[in-house]
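The values are calculated or read from the model by the stated rules, or taken from the named source; none is laboratory data. What you are looking at is a predicted structure, and each value in this text was computed from that prediction instead of being measured. Note that each Cβ is placed from the backbone with ideal geometry, even for glycine, and that neighbours are counted across all protein chains shown. Note: accessible area is taken over every heavy atom of the protein model, side chains too, but ligands, DNA and RNA are not part of it. Shrake-Rupley method; radii C 1.70, N 1.55, O 1.52, S 1.80 Å.
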Amino acid sequence: MRLEAISWERLTDALAERIAGTKAADGSPWLRVAVDGAPAAEPGVLARRVGDALRVLGHEALVLDAGGFLRPASLRYEFGREDPDAYYDTWLDTGALWREVFGPLEPGGDGRVLPDLWDPATDRATRSPYVQLPPGAVVLLHGPLLLGRWFPFDLAVHLRLSAAALARRTPEQDRWTLPAFARYEDEADPAEAADVLVRLDDPRRPAWRPGSP
């Protein structure tokens, strides 16, 4: 797999420009972008940087954390607090994301999305207000295990860590999730599924495969 070295600044600008020049395949007036990566890869950091760069280019951008759409603890921990298969299969409330984010951004939708639904720390509804997005706005959804779920992303960025780097950078209390990411590699093949691949084994020296525009 041939990758090119790139700085964080150039990567941010290149992604923002790529997104700004992208049109939704289904004709939607809004763009839906994934920044997919394990927590150790910090996908939210890149998503926020790209959101800022898009605003400079004149595009409204809403950055959403998939962690705001987890299921309640009673459902997440049905098979125990450290079950990697449950983490992979059932922690993310995909139905809520379809209902509150992707559905309103379909062609003919009203562009009114909910930025988050559930706070996993308090295990309570967030009660955040809806956000009305104008045509041309971009939603950047960041989080782990986002690909292979049939979400209608117009562009998907995957932040890749080798198995060794992922294990090294995952805190001890979260290492029980590692089998879920190994399964993700096998079943979803995110490096190939993504439009843009960014390797972050050394976070100081990212490398990327930009893919075809």
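With Cα atoms as the point set, the radius of gyration and Dmax of the stretch 104-213 evaluate to 16.8, 46 Å. Count Lys and Arg as plus one, Asp and Glu as minus one, and take only other residues whose Cβ is under 15 Å from that of residue 73; the net charge is then -2.
Residue order by solvent-accessible surface for 98, 176 is 98, 176, largest first, with ligands and nucleic acids left out and a 1.4 Å probe. The trypsin sites (Lys or Arg not before Pro) of the stretch 134-213 that meet both conditions, a loop assignment by DSSP and at most 12 other Cβ atoms within 10 Å of the site Cβ, are 204. Once you sort the root eigenvalues of the Cα gyration tensor of the stretch 7-112 as a ≥ b ≥ c, which label holds: rounded (a/c under 1.5), prolate (a/b larger than b/c) or oblate (the other case)? The shape class here is oblate. Running Debye on the stretch 37-182 with equal point scatterers at the Cα sites and no solvent, what base-10 log of I(q)/I(0) appears at q = 0.10, 0.17, 0.20 Å⁻¹? For the requested q values the scattering log ratios are -0.37, -1.05, -1.37. For the stretch 1-153, with the dipole built from +1 on Lys and Arg beta-carbon atoms and -1 on Asp and Glu ones, taken about the Cα centre, which of 146, 5, 54 lies farthest toward the positive end? Working it through, the farthest residue towards the positive pole turns out to be 54.
Since only 178, 130, 156 are under comparison, the one whose Cα sits farthest along the positive direction of the charge dipole of the stretch 125-213, derived from C-beta charges on Lys, Arg, Asp and Glu, is 130. When 142, 59 are compared by accessible surface with a 1.4 Å probe, the order from highest to lowest is 59, 142. Over the stretch 158-198, the hull volume per residue, using the convex hull of the C-alpha atoms, is 59 Å³. Taking label points 7 Å from Cα along the Cα-to-Cβ direction, residue 9 and residue 176 give a separation of 4.3 nm. Measuring nothing but alpha carbons in the stretch 1-57 and taking Rh as the Kirkwood radius, the Rg to Rh ratio lands at 0.99. Charging the Cβ of each Asp and Glu at -1 and of each Lys and Arg at +1, and nothing else, the dipole of the chain about its Cα centre rounds to 480 debye. What whole number of Å gives the distance from the Cα centroid of the stretch 1-33 to the Cα centroid of the stretch 137-209? About 16 Å separates the Cα centre of the stretch 137-209 from the one of the stretch 1-33. Taking each residue as 0.36 nm, the span from residue 132 to residue 23 lengthens on full extension beyond its C-alpha to C-alpha distance by 37.3 nm. Think of a 1.4 Å ball rolled over the protein heavy atoms: the stretch 1-58 then has 51 Å² of accessible area per residue. Divided by 2.2 N^0.38 Å, where N counts the residues, the Cα radius of gyration of the stretch 124-175 comes to 1.63.
Paramagnetic label reach from residue 45 (point 7 Å along Cα→Cβ; backbone nitrogen cut-off under 15 Å): within the stretch 170-213, residues 170-171, 198-207. Using a Förster distance of 41 Å, how high is the FRET efficiency between residue 52 and residue 201, based on the Cβ-Cβ distance and rounded to 0.05? Given R0 = 41 Å and the Cβ-Cβ separation, E is 0.95. Percent of Cα-Cα pairs more than 17 Å apart in the stretch 94-136, please. Looking at the stretch 94-136, the distances longer than 17 Å represent 34 percent of pairs. Restricting the chymotrypsin sites (Phe, Trp or Tyr not before Pro) of the stretch 119-165 to loop positions (DSSP other than H, G, I, E, B) with no more than 15 neighbouring Cβ atoms within 10 Å leaves 130, 150.
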